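Data block below; observations after.
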Amino acid sequence: MEGIASDGKVIGSDWYGPGYEWTPWVWNAPYTALGSSPGLLRTHPYASFEGISPNTNVTVGTARFHPDSPTLPDQALFWKGSGDVLALPRVAAGKETSAVTASDDDRAGGSGVNAKGVRKAVVWICASKQAYLPK
């Protein structure tokens, strides 16, 4: 488990196999059900949720590939609490991003690798307007 919102919604990841095969997972209070997954970013086979906003249930995380065959770099993800899991834009084309925290005022925070190959802190302002469904 990675985060809990004010209404009791808990987010995190379920995994199977070796430690890289994550699936984002959500548990709702009063926790009488097993929880569920909203799905994956359609471009990546694994993902994890790492942060949830306190009151709006916006959830962020990272979509991944197997570390031994990284077909695509990690991608920051964004979920509104319903609907599809979306991608947040990369800092530089073809470079990794990850998101770990979300706010009630439509910001997401994490890190990304820039064009020079250096990982930097990132804040996506108006994150819901930047999030998109990859092809």
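Taking R0 as 25 Å, what's the FRET efficiency between Asp106 and Ala33 from their Cβ-Cβ distance, rounded to 0.05?
It comes out at approximately 0.30.
So what's region 75-131 giving for Rg/Rh, alpha carbon basis, Kirkwood Rh from the mean inverse pair distance?
0.97
What translational diffusion coefficient, in µm²/s and rounded to a whole number, does the Stokes-Einstein relation yield for region 1-98 at 20 °C and a viscosity of 1.002 mPa s, taking the hydrodynamic radius as the Kirkwood radius over Cα pairs?
Answer, rounded: 157 µm²/s.
If you place +1 on the Cβ of every Lys and Arg, -1 on the Cβ of every Asp and Glu, and leave all else neutral, what size is the dipole of the chain about its Cα centre, to the nearest 20 Debye?
Taking the Cα centre of the chain as origin, the dipole is about 540 debye.
Towards the positive end of the charge dipole of region 67-121, with charges on Cβ (+1 Lys, Arg; -1 Asp, Glu), say which of Val113, Ala87, Ser98 has the farthest Cα.
Val113
Calculated FRET efficiency, Asp14 and Leu133, Cβ-Cβ r, R0 22 Å, to nearest 0.05?
Once rounded, the FRET efficiency stands at 0.45.
Each residue of region 42-50 in turn: what ³J(HN,Hα) in whole Hz from Karplus with 6.51, -1.76, 1.60 and θ = phi - 60°, glycine and Pro shown as x?
Listing the rounded values in order: 5, 8, 10, x, 9, 6, 9, 8, 10 Hz.
Read-outs throughout are calculated quantities, based only on the coordinates presented, and are distinct from any laboratory measurement. On a predicted model such as this, the values are computed, not experimentally measured, just so you know. A quick note on method: Cβ atoms are made from the backbone with ideal geometry, for glycine too, and the neighbour counts reach across all protein chains shown.
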